[in-house]
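Below is one structure, written out as structure tokens; the observations come after it.
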Amino acid sequence: MNYSMHKQERSIFVGELQQHVDQSRRGGSLLGVLLIHLHRIVELNTSFGYQAGDRLIATVRDRIAKILRPHDSIHRIGDHDFALVLPSPKNVGHAKLAANRIVDILEEPFEIDDNSIKAQAAIGISLFPEHAQDADALLRLADIALTNAIKSNSPIILCADVRDKDAVSSFIIESELRHALMSDEFVLYYQPKINLATRQVCGAEALSRWRNPARGFVPPDVFIPVAEQTNLMLPFTLWSLNLASRQFGEFHRLHKHFSVAVNLSATVLYDADVVDLIHRTIKIWGIPPEQLILEVTESAMMVDPKTSLETLRRFHDLGVKLAIDDFGTGYSSLAYVKKLPVDELKIDKSFVLNMDKDKGDAMIVRTVIDMAHNFEIAVTAEGVESQPILEQLGELGCDCAQGFHMAKPMPATDLIRWLQESPWSLHTGTQAMAG
Ligand code: C2E
Ligand code: CA
Ligand code: CA
């Protein structure tokens, strides 16, 4: 908060605002939040004394209160600040109109102790549900807008009009993510992995998908980076591990040696509690640790190689398998990998997609496979989109393959059917030997 809202006032107000939000959600109506900052109070306090400042604040409040509709409410939330809650504005224009009206009535000079004083205000606006889903987020967005209004010397700014679009849009995604996590908007898709020696499925990677009622399908490439900048990544990872563990039971029934891979992002890797939390989850679900694979990207590990090595060792001690994801895109050498207790390297799809045409790519894939095997690490190629590439990987001695050619990521129910019907499944596996 860069304006002076007292902590206690803020938390009382957030509680009240949340009740308004809940009411609006139930009633399917909008809710507007206006943060009003009075510019010249400090100046006034110094020239005319605090009492003059207090009287001005009280008069401002009265003036604003006079133009409010019956259900609107005004709250003093800081030395120089008010918040206005507008239940059921018809649209954004309505909230802007209220803000304009306030700027207008504050233009009229105030008579304080025989002095004629102009108050001058800046206003930041946010709207439920368009901009945020809960009170805290609405307030923070209105604050971003207000700060922007003060800086740019404009009387009124709507949070959606703030110049720094990236800050606002990732903020909106963040608040929606928080909401999505509580309201089951995320689902896990699974992409099968094939053992190249047996030509049979050996497991699947869990990949999250976000179905947002307003935005539609949001790909993980968009929401994971935003989630990584928040403290949501650990709860999100635990959510996915829990769901994957629950669904694992069904896959396990069809395939005794089936493994499930879950992605761990950098922020989670460096959380001091992550090993214990994951340990507890797999114990609760009774997952055989060796059938859980944790995928960590090469770049995540390089943020702090020493700490990540310690964490990976602790995971290894639990008996879970570790894979290095997107291998080849970072700067880690195989010499570094040798020191890690990893079981698998996943060659990044950028080397695999064109390896049948690009000799350089094929050479990289071959080198990674040979060196990994020297260290007794298995290799999975991701991004296998064609039969020729699958054959080429088989000839190079690659252990596993994952890609659209065999199967795209799919919901758990589809995977269950796929495990029974696909040419790569255990039951029909012999047909797949022919390719
Ligand atoms: P990733 O871990 O490298 O996952 C593989 C990505 O490659 C997936 O994209 C998958 O759909 C895509 N892919 C698989 N086979 C092929 C193929 O043959 N051709 C091509 N062109 N692409 C293929 P997706 O599902 O969009 O996920 C993107 C990234 O988002 C993942 O890359 C991973 O880094 C991240 N991600 C997804 N779900 C999670 C999650 O639950 N937690 C974390 N931390 N990251 C996740
Ligand atoms: Ca992965
Ligand atoms: Ca990858």
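Which value, in nm² and rounded to one decimal, describes the direction-averaged projected area of the C-alpha convex hull of the range 26-112? If you can, show how the numbers build up before the last one.
On the way: hull surface 23.8 nm².
Answer in nm², one decimal: 6.0.
Can you pull the percent of Cα pairs in the range 278-324 with separation above 14 Å? Could you put the intermediate results ahead of the total?
Values: 536 of 1081 pairs.
Of all Cα-Cα pairs in the range 278-324, 50 percent lie more than 14 Å apart.
With axes computed from alpha carbons, what is the tilt in degrees of helix 135-151 against the longest principal axis of the chain, rounded to the nearest 10 within 0 to 90?
Value to nearest ten degrees: 60.
Calculate how many DSSP beta bridges within the chain are antiparallel, expressed in % of all such bridges and rounded to the nearest 5. Please report the intermediate quantities before stating the final value.
Details: 40 of 66 bridges.
Here the share of antiparallel DSSP bridges comes out near 60 percent.
Sort GLU385, GLU295 by Cβ crowding within 10 Å, fewest neighbours at the top.
Ranked by crowding around the Cβ, least crowded first: GLU385, GLU295.
Convert 37 °C to kelvin, take the viscosity as 0.692 mPa s, use the Kirkwood radius over C-alpha pairs of the range 190-231 as Rh, and evaluate the Stokes-Einstein diffusion coefficient in µm²/s, rounded to a whole number.
Numbers: Rh = 12.6 Å.
Using the Kirkwood radius from Cα pairs, D works out to 261 µm²/s.
Could you work out how much longer the chain between ASP304 and SER11 gets when fully extended? Use 0.36 nm per residue separation minus the Cα distance between them, nm to one decimal.
Numbers: separation 293, 0.36 × 293 = 105.48 nm, distance 3.68 nm.
The span from ASP304 to SER11 would gain 101.8 nm if fully extended.
Suppose R0 equals 51 Å. What FRET efficiency, 1/(1 + (r/R0)^6) with r the Cβ-Cβ distance, do THR329 and GLN120 give to the nearest 0.05? Could the numbers behind the result be given before it?
Details: r = 53 Å, r/R0 = 1.04.
E between THR329 and GLN120, to the nearest 0.05, is 0.45.
Placing +1 on the Cβ of each Lys and Arg and -1 on the Cβ of each Asp and Glu in the range 184-433, which of ASN231, ASN242, VAL296 has its Cα farthest towards the positive end of the resulting dipole?
The listed residue farthest towards the positive side: ASN242.
Taking the radius of gyration and the Kirkwood hydrodynamic radius from Cα positions alone, what is the Rg/Rh ratio for the range 340-395, to two decimal places?
Values: Rg = 11.0 Å, Rh = 11.4 Å.
Rg divided by Rh gives 0.96.
Pop the C-beta distance of ALA58 and ARG25 into the FRET formula with R0 = 25 Å and round what comes out to the nearest 0.05.
Numbers: r = 34 Å, r/R0 = 1.35.
Calculated value: 0.15.
How many times 2.2 N^0.38 Å is the alpha carbon radius of gyration of the range 158-257?
Values: Rg = 17.1 Å, N = 100, 2.2 N^0.38 = 12.7 Å.
The value comes to 1.35.
Modelling each spin label as a point 7 Å along the Cα-to-Cβ direction, I'd like the ASP104/ASP276 distance in nm, to one decimal.
Those two pseudo-labels are separated by 6.0 nm.
If Lys and Arg each add +1 and Asp and Glu each add -1, what is the summed charge of the other residues whose beta carbon sits under 12 Å from the beta carbon of PRO388?
Values: positive: LYS357; negative: ASP356, GLU385, GLU391, GLU395.
Surrounding charge for PRO388 is -3.
Just how large is the dipole of the range 7-164 about the Cα centre, in debye to the nearest 20, putting +1 at every Lys and Arg Cβ and -1 at every Asp and Glu Cβ?
Values: 18 positive and 21 negative charges, 81 e Å.
Roughly 380 debye for the range 7-164.
For the pair ALA214 and ASN374, how long in nm is the line joining their label points, each one 7 Å along Cα→Cβ?
5.5 nm
Using C-alpha positions alone, give me the convex hull volume of the range 184-433 per residue in cubic angstrom. Let's see the in-between values first.
Values: hull volume 31.2 nm³, N = 250.
It is 125 Å³ per residue.
Compute the long axis of helix 359-374 from its Cα atoms, compare it with the longest principal axis of the Cα atoms of the chain, and write down the angle in degrees, 0 to 90, nearest 10.
70 degrees
Going by C-beta contacts inside 10 Å, put ARG417, ARG314, ARG55 in order with the fewest on the left.
ARG417, ARG314, ARG55
Set Lys and Arg Cβ to +1 and Asp and Glu Cβ to -1, take the dipole of the chain about its Cα centre, and tell me which of THR311, VAL275, HIS373 lies farthest positive.
Going by the charge dipole, the pick is VAL275.
Once you place label points 7 Å from the Cα toward the Cβ at ILE67 and ILE284, how far apart are they in nm?
Inter-label distance under the simple model: 5.2 nm.
Taking the C-alpha atoms of the chain, how large are the radius of gyration and the largest Cα-Cα span, Dmax, in Å?
Calculated on Cα positions, Rg and Dmax stand at 28.6, 97 Å.
Got a sec? How would TRP239, TRP424 order by Cβ neighbour count within 10 Å, fewest to most? Mind showing how you got there, number by number?
On the way: TRP239 17, TRP424 22.
Listing TRP239, TRP424 from fewest to most nearby Cβ atoms yields TRP239, TRP424.
Taking 35 Å as R0, compute the FRET efficiency from the Cβ-Cβ separation of ARG313 and GLU395 and round it to 0.05. It would help to have the intermediate numbers written out before the result.
Values: r = 35 Å, r/R0 = 0.99.
Between ARG313 and GLU395 the formula returns 0.50.
Using θ = phi - 60° and the Karplus curve 6.51 cos²θ - 1.76 cosθ + 1.60, what whole-Hz ³J(HN,Hα) does each residue of the range 404-415 get, with Gly and Pro shown as x?
4, 4, 8, 6, 8, x, 9, x, 4, 5, 5, 5
Output the 0 to 90 degree angle, nearest 10, between the alpha-carbon long axis of helix 165-182 and the longest principal axis computed from the alpha carbons of the chain.
So the inclination is approximately 70 degrees.
Once you treat every alpha carbon in the range 62-209 as an equal point and sum by Debye, what is log10 I(q)/I(0) at q = 0.17 Å⁻¹?
One equal scatterer on each Cα of the range 62-209 leads to -1.01.
Length gain on complete extension for the stretch ARG246 to SER386, per 0.36 nm per residue less the alpha carbon to alpha carbon distance? Spell out each step's value before the answer.
On the way: separation 140, 0.36 × 140 = 50.40 nm, distance 3.23 nm.
Taking ARG246 through SER386 to full extension adds about 47.2 nm, to one decimal.
Taking 4 °C and 1.567 mPa s as the conditions, I'd like the Stokes-Einstein D for the range 298-435 in µm²/s, using the Kirkwood hydrodynamic radius from alpha carbon pairs.
Calculated translational D: 80 µm²/s.
Any idea how far the Cα center of the range 180-205 sits from the one of the range 314-379, in Å?
20 Å
Under the 0.36 nm per residue contour assumption, what length would be gained going from the current alpha-carbon distance of THR367 and VAL222 to full extension?
Values: separation 145, 0.36 × 145 = 52.20 nm, distance 3.22 nm.
Working it through step by step, the gained length comes to 49.0 nm.
We did not get these values from a lab; they are worked out from the coordinates using the rules stated. Quick caveat: nothing in here was measured; it's all calculated off a predicted structure. Glycine also receives a Cβ, built like all others from the backbone with ideal geometry; neighbour counts cover every protein chain displayed.
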